[in-house]
Amino acid sequence: EKGGYDYFMLKEIAEQPQAVAETLIGRLTDAGEIMLDEVRLTDQDLRDIDKVFIVACGTAYHAGMVAKYAIEHWTRLPCEVELASEFRYRDPVLDRSTLVVAISQSGETMDTLMALRHAKEQKARVLAICNTNGSTIPRESDGVLYTHAGPEIAVASTKAFLTQLVACYLVGLHLSQVRGIKYADEVGAVVAQLQAMPSKVEEVLTTMEPVRELARELANSRSVLFIGRHVGYPVALEGALKLKELAYMHAEGFAAGELKHGPIALIDEGTPVVCVVPSPAGRGVLHDKIVSNIQEIRARGARTIVIAEEGDEAVLPYADDLVRVPRTPTLLAPLVTTVPLQVLACEIAASRGHDVDQPRNLAKSVTVE
Ligand code: M6R
């Protein structure tokens, strides 16, 4: 049942190209339109929206953080993202023109369910992004977009995360098309780029041997830090979460711009820091800023593990270890940059002799508060 893999997690990591493809199937027309009839929200409903709120927990929350960048850019609607466990006990400002997107692999996470009930009480429209057919969260939502990743058995979420990203992109692009705004031209190009993502994820998977070797070297580290900017920031958080839950190792993700406001004091001789570098093509400023962050931490003794696009030469002088990913537009890059971080955490945990699929103290779906 593990299909020849030692762990379900490895199998699920390997299934990601297919899973990403499944999330796209039937939702893109040849003309570049996004067809989301199944969400059960009419075009008029979507035109009436003036604000988007995303609620989720854990890895699904990181998908929501990425979605915020994409949705705000493509739709020009304000979009907030919040941990469901915080949102549900607040008094958020919502009304019938707010779209609340609840992201959940299992569809049973108690905090996310309570957040969506909280939103419905205030008449917000609720859309679920979910991987489990007929589960509670989609049943209680106004509409649902299923991710079709197939069952995810390992406690650590991998293929569900990538497909949540894809579903979020589809929602953002659909909103943009229906509302007919400024970035409509760009949307057409993004649709084509999305279709290329399964093969790019596949390409990343074929180059993971050096990451496995690196994992063995890092297995006894005291702590691993992760930095990123823009959509690389949630990827850094996701990399750190994977390492905590699987390797029981101290790991933390930071927005690279925040380093000098405190976290840089953590850097010591040999501290491994995984740096998620955005494409130099997309937003040159972002790229250059992170390169100077990498330079700074390296000058303070960090071992820099750099995840950067093919052809990005600027990182070469500052990378102790370099992991290449295929060229990808900035907003879609988390689909490729997350994969090496999953492999890294899985291999570190395995080297430390942990049960990768069933980490201590954790359950696959958190149905308690
Ligand atoms: O089923 P859900 O997507 O609602 O679960 C949310 C989190 O519990 C989940 O993503 C958790 O953080 C994973 N174990 C992370 O790998």
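Tabulated data
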quantity	calculated
Qualifying residues in the stretch 353-369 (those that are loosely packed, with under 15 Cβ neighbours inside 10 Å and hydrophobic (A, V, I, L, M, F, W, C)) - the one nearest to the ligand (Cβ to nearest atom)	L362
Enumeration of residues in the stretch 1-60 that are among the basic types (K, R), crowded, with 19+ Cβ neighbours inside 10 Å and at pLDDT below 95	R27
The one condition in (1) in contact with a helix residue (DSSP H, G or I) (Cβ under 7 Å, 6 or more places away or on another chain); (2) within 13 Å of the ligand (Cβ to nearest atom); (3) of a type outside the set (S, T, Y); (4) modelled with pLDDT of 95 or more that P138 fails to fulfil	(1)
Neighbours by Cβ (under 7 Å, 6+ apart or cross-chain): first from the stretch 103-125, of a type outside the set (S, T, Y); second part of a helix (DSSP H, G or I) and within 7 Å of the ligand (Cβ to nearest atom)	I103/A60; Q105/A60; Q105/A160
Residue check, Q105 under 21 Å from Q195 (Cβ atoms) and near the ligand (Cβ under 8 Å from one of its atoms)	no
Residue among E121, E82, E72 that alone is out of contact with any helix residue (DSSP H, G or I) (no Cβ under 7 Å at 6 or more places or on another chain), under 27 Å from K159 (Cβ atoms) and away from the ligand (no atom under 16 Å from the Cβ)	E72
Among the residues listed as A192, A215, A265, A236, the single one being at pLDDT below 95, more than 30 Å from A31 (Cβ to Cβ) and either within 16 Å of the ligand (Cβ to nearest atom) or assigned to a helix (DSSP H, G or I) (or both)	A265
Search result, residues across the stretch 13-54 that are at positive phi and of a type outside the set (D, E, K, R)	G26, G32
Subset of the stretch 239-262 that is of a type in the set (D, E) and outside any strand (DSSP E or B) - its residue that is farthest from V343 (Cα to Cα)	E258
Breaking point among (1) modelled with pLDDT of 95 or more; (2) outside any helix (DSSP H, G or I), for I153	(1)
Condition broken by P198, with the remaining ones in (1) surrounded by fewer than 22 Cβ atoms within 10 Å (Cβ to Cβ); (2) within 16 Å of the ligand (Cβ to nearest atom); (3) within 30 Å of D355 (Cα to Cα); (4) not hydrophobic (A, V, I, L, M, F, W, C) satisfied	(2)
Any chance Y169 is hydroxyl-bearing (S, T, Y) and either surrounded by fewer than 18 Cβ atoms within 10 Å (Cβ to Cβ) or in contact with a strand residue (DSSP E or B) (Cβ under 6 Å, 6 or more places away or on another chain) (or both)	no
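The values are calculated or read from the model by the stated rules, or taken from the named source; none is laboratory data. What you see is a predicted model; the values in this text were computed from it and never measured. A quick note on method: Cβ atoms are made from the backbone with ideal geometry, for glycine too, and the neighbour counts reach across all protein chains shown.
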